[in-house]
Amino acid sequence: MENYEKLGSFYLGRVNDLETRKTTEDLVLYDSKDLTTHAVCVGMTGSGKTGLGVALIEEAAIDNIPVLVIDPKGDMTNLLLTFPDLKPESFRPWVNESEASQKGLSPEEFAVKQAELWKTGLEKWGQSGERIKKLRDTVEFCIYTPGSTAGIQLSILKSLSAPPAEIREDSDAFSERISTVATSLLGLLKIDADPIKSREHILISNILSHFWMKGKELDLSQLIQSIQSPPFSKIGVFNLDSFYPDQERFELAIALNNLLAAPAFQSWLEGEPMDIQQLLYSKNGKPRVPVFYIAHLSDAERMFFVTLFLNQVLGWMRTQAGTSSLRAMLYIDEIFGYMPPIGNPPSKKPLLTLLKQARAFGLGLVLATQNPVDLDYKGLSNTGTWFIGRLQTDRDRERVLDGLASAAGGGKFDKPLMEKVISSLGKRIFLLHNVHETRPEVFETRWVMSYLAGPMTRNQIKELMASQKAEKGSESAPAKKVMTKTTAVASSVQPNLAPDISPLFIPIRSQAPAEAKLVYQPYIWGSASVQFVDTSRDVDFSRTIKLMTPITNDPIPVDWEKNQPIDLDESELLKNAQENPVYEEVPEAAQKGKNFQNWAKDFEEYLFRSEKVTLYKSPSLNMVSKPQETESDFRARISQSARENRDEWVEKLRAKYEKRIASLQEKIRKAEDKLAVEQAQSRQKKIESAISIGASIFGAFMGRKTVSRTSLSRAGRNIHGTIKESGDVSRAEATLAVLQQQLAEIEEEFQQEVDAQSAKFDAFSENLEKITINLKKTNIFTKLVNFIWLPFWQVSGKPDSPAW
């Protein structure tokens, strides 16, 4: 099997001749960069749409391109069923026992049949267990189950955090983000909220805007508190209570609180954060293919998740550099209901925005459906690629033809021909309409490497993901514990401190547990700005450090090594306590103001020892990471840079061989004309074609973009025939044979160039050099070192829990 990904090409199948209804040997390769203009895949149940989608994802994955897969039905979980050994025992746990019984076979016998079927199918399409192994070695596949513990859990909390600055600074994008999140949240409460008329929607939107404009984090608990006590007194020109009375706000807060407190909702709040960069790449920079299984969710929950997820993708996208190469792929296996032609569900706006803007950032969307009638074709008018399979009704075909005509943008579109082609498609036969190609193509999809066992149940997902979940659990670093100071003395009266010590209070941000009392413990706060400078590497980078650590009665009262980072600005510190607290005893060392001067020096000394910046360097690309860039993010960036270099090289390669092929093609045309004349004169059978290159990578690579089908795509036709009587026919045939040899030599030269170039694009296996930049004492700028009271919730018989 040749490595199609060396050319940035996806191997999708082989050309199908609709007249003979036979599949030829001509390969169908799809340029990965064409996917930046997005794709639509439509086909009825049984058309092979799932197989084509799986093939697209496999090809992207094997080319080091991460893919986000939204799976409403459960079919795409089959991407994890890849067995390089192709042994029956690997298939056995996943075969359909009911299907085996219907065929009169035991599950073990059926597994043997399935293993043989997959091995034979792969071999027929030029693939093997080795390519499956390469697929598994290249990417990390996993299944996330929002709202369920079956797969890897995914927390929605990050979805309510402030969007990146790129979104906040774009007023339209910011308003859109607020509106869709507010609509999604209210949808969970079964409130069909109008963004203009609904008080609930307007209130929540204003709360989100208030916090997000300041770049502040927000979770559901804070949102509920803010609904009860909003951080503003007016909405528009009306006083808050006139617009939305306190009692009615309380009812909305109760409804959200009930949702938050429901045991079934807890799984939404636990698990990995919805961080798109982390979902796309592992910690070591390996591309990932996370499948988001949502078949178990209700319609409202699906809409809630999909909308939040699309907003996170939009936020991530806006932080990326522009590119013309494919950076990542978003595959939605069933788009039905998320982008209808009539109505505006919350998912529609972010989807339309992605379709309009994602191209510039290298994010390709693939939207699949078996319901072509329920699609907003105006929104899809800029979609560059259409994969059209067998359709069920005339109405379906008519809607797809309208979509194709819209995608043509007023250009040449032969509707009668397209209608005839679409009506004649069979199982696994698709029409590929790509605006980047000179013509459409009909092809049969290749055999997929993943075992298509059908939709998985949650129990099967739990079994499949058990080892990954265990591994992730063992890799997860334990949460850094906050050291609490336990003493026998606590008082409701705030202890007196020395006159030169002005205590500050950390604000309370979490709800009190049942029967909890508020306890303040004595801590010390330290914040500073540190600057890293290395002129030789053009590094001038600053960051703010904010730490707190307990004040104790130990021999070393303040130990900065035991610090706890805190995300809080100095301006948010309070001068007075909240609620009705009790106070822990203040250690004697904290009573002396001069000790704080020493602790400030210790704080600076700690920063000098501990703070440093590690940069990574790619020797092959001569690229250096940015100061805050992780190794994973840097590997992703150099991989994208390498992909851009490759795509540029591919275009130059195509241009180089296009001229040579065009010249050869003209010679072939003249030789064929000459042969036809001689055949006619000698009364021999006419030979239609002499040369085929479509069955090779070279031919498929050069084919639809640059080479006319008049002579080069007539695959497998016999160039010999029964030419015996005429010497002129023999000479004409010999000329064609010489041209065939010239073509073979060009192809060999092409393959050598591909092999030589491919080694330059392996960014993930490269050993990166580490560069450490240490902090200088003169670049430490202390902002504040001060006594603080840190709030905890204390429940009898339980450990104290943070209240901030």
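The values are calculated or read from the model by the stated rules, or taken from the named source; none is laboratory data. Since this is a predicted model, take the numbers as computed values, not measurements. A quick note on method: Cβ atoms are made from the backbone with ideal geometry, for glycine too, and the neighbour counts reach across all protein chains shown. Protein only, heavy atoms only, side chains kept; ligands, DNA and RNA dropped before computing areas. Shrake-Rupley method; radii C 1.70, N 1.55, O 1.52, S 1.80 Å.
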Among the numbered conditions (1) modelled with pLDDT under 95; (2) closer than 17 Å to Ser47 by Cβ, tell me where Ala408 comes up short. (2)
Consider segment 251-268. How many of its residues are open to solvent by less than 30 Å² (accessible area, probe 1.4 Å) and either touching a Gly at 6+ places or on another chain (Cβ under 9 Å) or charged (D, E, K, R) (or both)? 3
Among the listed residues Gln153, Gln127, identify the single one that is open to solvent by less than 10 Å² (accessible area, probe 1.4 Å) and more than 23 Å from Lys356 (Cα to Cα). Gln127
Would you please name the residue that is nearest to the chain's Cα centre (by Cα), looking only at residues in segment 51-76 that are under 20 Å from Thr145 (Cα atoms) and among the β-branched types (Val, Ile, Thr)? Val67
What pairs come up if the first residue lies in segment 282-306 and is within 17 Å of Cys142 (Cα to Cα) and free of Cβ contacts under 8 Å to residues at least 24 places away in the same chain, the second is part of a strand (DSSP E or B) and open to solvent by less than 10 Å² (accessible area, probe 1.4 Å), and their beta carbons are under 7 Å apart, counting only those six or more places apart or on different chains? none
Restricting the search to segment 770-789, which residues are under 39 Å from the mean Cα position of the chain (by Cα) and open to solvent by less than 90 Å² (accessible area, probe 1.4 Å)? Ile771, Thr772, Ile773, Leu775, Asn779, Ile780
Can you name the condition, by its number, that Pro66 falls short on among (1) on the phi > 0 side of the Ramachandran plot; (2) in contact with a helix residue (DSSP H, G or I) (Cβ under 6 Å, 6 or more places away or on another chain)? (1)
List pairs: first in segment 148-171 and at pLDDT 85 or above, second crowded, with 19+ Cβ neighbours inside 10 Å and of a type in the set (S, T, N, Q), Cβ under 8 Å, 6+ apart or cross-chain? Gly151/Thr145; Ile152/Thr145; Gln153/Thr145; Leu154/Thr145; Pro163/Asn311
Sole residue being open to solvent by 70 Å² or more (accessible area, probe 1.4 Å), of a type in the set (D, E, K, R) and farther than 30 Å from Gly215 by Cβ, chosen from Glu169, Glu99: Glu99
Where a residue in segment 627-639 is farther than 13 Å from Ala328 by Cβ and in a helix (DSSP H, G or I) and its partner, wherever it lies, is open to solvent by 10 Å² or more (accessible area, probe 1.4 Å) and of a type in the set (Lys, Arg), with Cβ under 6 Å and at least six apart: Ser632/Lys283
Among the listed residues Glu611, Glu584, Glu572, Glu515, which satisfies the condition of being in contact (Cβ under 8 Å) with a residue 12 or more places away in the chain and open to solvent by 50 Å² or more (accessible area, probe 1.4 Å)? Glu515
Answer from Lys378, Lys356, Lys412, Lys348 - the residue that is open to solvent by 60 Å² or more (accessible area, probe 1.4 Å), under 24 Å from the mean Cα position of the chain (by Cα) and without any contact (Cβ under 8 Å) to a residue 60 or more places away in the chain: Lys356
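Would you say Ile178 is aliphatic (A, V, I, L, M) and over 18 Å from Gln312 (Cβ atoms)?
Criteria not met by Ile178.
Here's the yes/no breakdown for (1) among the basic types (Lys, Arg); (2) touching a residue at least 40 places away in the same chain (Cβ under 8 Å); (3) surrounded by fewer than 21 Cβ atoms within 10 Å (Cβ to Cβ):
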position: Lys49; (1), (2), (3): yes, yes, no
position: Leu56; (1), (2), (3): no, yes, no
position: Ala61; (1), (2), (3): no, yes, no
position: Lys73; (1), (2), (3): yes, yes, yes
Kindly provide the set of residues from segment 592-627 that are of a type in the set (D, E, K, R) and in contact with an Asp or Glu (Cβ under 8 Å, 6 or more places away or on another chain), ordered by number. Lys617
Within segment 381-400, restricting attention to residues that are under 24 Å from the mean Cα position of the chain (by Cα) and buried (at least 21 other Cβ atoms within 10 Å of the Cβ), which residue is farthest from Leu425 (Cα to Cα)? Thr383
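Per-residue answers, yes or no, for (1) buried (at least 21 other Cβ atoms within 10 Å of the Cβ); (2) on the phi < 0 side of the Ramachandran plot; (3) in a helix (DSSP H, G or I); (4) among the hydrophobic types (A, V, I, L, M, F, W, C):
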{"position": "Gln278", "(1), (2), (3), (4)": "no, yes, yes, no"}
{"position": "Arg288", "(1), (2), (3), (4)": "no, yes, no, no"}
{"position": "Phe292", "(1), (2), (3), (4)": "yes, yes, no, yes"}
{"position": "Arg302", "(1), (2), (3), (4)": "no, yes, yes, no"}
{"position": "Thr307", "(1), (2), (3), (4)": "yes, yes, yes, no"}
{"position": "Met317", "(1), (2), (3), (4)": "yes, yes, yes, yes"}
{"position": "Ser324", "(1), (2), (3), (4)": "no, yes, no, no"}
With the condition kept exactly as written, say whether any residue in segment 238-250 is in contact (Cβ under 8 Å) with a residue 40 or more places away in the chain, hydrophobic (A, V, I, L, M, F, W, C) and surrounded by 14 or more Cβ atoms within 10 Å (Cβ to Cβ). yes
Given (1) open to solvent by 30 Å² or more (accessible area, probe 1.4 Å); (2) under 18 Å from Gly362 (Cβ atoms), index of the condition Pro619 fails: (2)
Of residues in segment 434-448 being surrounded by fewer than 23 Cβ atoms within 10 Å (Cβ to Cβ) and closer than 17 Å to Asp31 by Cβ, the one modelled with the lowest pLDDT: Thr438
Which one of Gly343, Gly362 is out of contact with any Asp or Glu (no Cβ under 8 Å at 6 or more places or on another chain), on the phi > 0 side of the Ramachandran plot and free of Cβ contacts under 8 Å to residues at least 40 places away in the same chain? Gly343
Can you tell me which residue among Ala732, Ala763, Ala803 is at pLDDT 80 or above and surrounded by 17 or more Cβ atoms within 10 Å (Cβ to Cβ)? Ala803
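Do we find that Pro555 is of a type outside the set (Gly, Ala, Ser), over 16 Å from Ser502 (Cα atoms), open to solvent by 30 Å² or more (accessible area, probe 1.4 Å) and in contact (Cβ under 8 Å) with a residue 12 or more places away in the chain in this structure?
no
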